[in-house]
Amino acid sequence: MNEQEFAELAAGAALDALSPDDQQRYHAALAAHPEWQRIADEDADSVAFLAEGTPPAAPSPDIRAALLARIAVTPQGGDVIVPDTVPDVVPETSSASAADAGGTADTPPSADGAAAPKAPAHRLRILFALAACLALLVGVGAGAVAINSYVNRPASVVALEDIQAAGDAQQASVPIEGGGTATAHWSASLGKSVLVTDGIPALSEGETYELWYVRGETPVSAGVFAADDGEATAVLAGDMQAGDVIAVTIEQDGGSPSGLPTTDPVLAIPTA
């Protein structure tokens, strides 16, 4: 067996795709040529990298179909013959002598003395490459999903991240009646603020929460928001000014029709 033939078997061993006969040939060759261990290690490291470096993701049916179609047209070259008994050791001298006679030492004889056909080892290398391509496609798909999720973040999340990254970022929290907490995050330099609630009560049908900037005695509407199971992250519309109080009232769907609060605030968070 030469080094190229061993490399084909090493690829199959890394993928755990060798027949019992090829496994015996692989281990015998490795025992006879310990310097080939580096080939086996490189293939094993490649498989481990592909297995561990890719986030779990289900490949699409199209990818699987394409891979199976590629395998279907790969030359198979005969069936693998598994002998009834497998010798513990294959003498190197026998392999060498047979190789000199025509390179057939790696083919075990059949019962009638003729050389038994076996699947060509080069297809294992092809399968190794196909598996690597499949893992790459899955990784690219998972990366695209992650990028898409990042690009399409809600505006309130983007605003909160901007505020938290600002040098003058501030926050203040107040308790919510009945349990829970409301926290206002703001940055005067950015003129932005975001309200984060945890445990805010659910509203009746036809009602909504409305946000306000209260400047002195003047309330300025800053949009409406809804809570999902008591949780909400809402960016206030308009520019925040120093000293504003961030307030929340309960209004009809769509917000106060007059542009002024119609109920007393359920939350009020000073920013000064």
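The table below lists the values:
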| read-out | value |
| --- | --- |
| Unique match (being at negative phi, touching a strand residue (DSSP E or B) at 6+ places or on another chain (Cβ under 6 Å) and among the acidic types (D, E)) among D253, D228 | D253 |
| The one condition in (1) outside any loop (DSSP other than H, G, I, E, B); (2) more than 16 Å from A272 (Cα to Cα); (3) open to solvent by less than 60 Å² (accessible area, probe 1.4 Å) that D162 fails to fulfil | (3) |
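The values are calculated or read from the model by the stated rules, or taken from the named source; none is laboratory data. Please read all numbers here as calculations on a predicted model, not as lab measurements. Note that each Cβ is placed from the backbone with ideal geometry, even for glycine, and that neighbours are counted across all protein chains shown. For accessibility, only protein heavy atoms count, side chains too; no ligands or nucleic acids. Shrake-Rupley method; radii C 1.70, N 1.55, O 1.52, S 1.80 Å.
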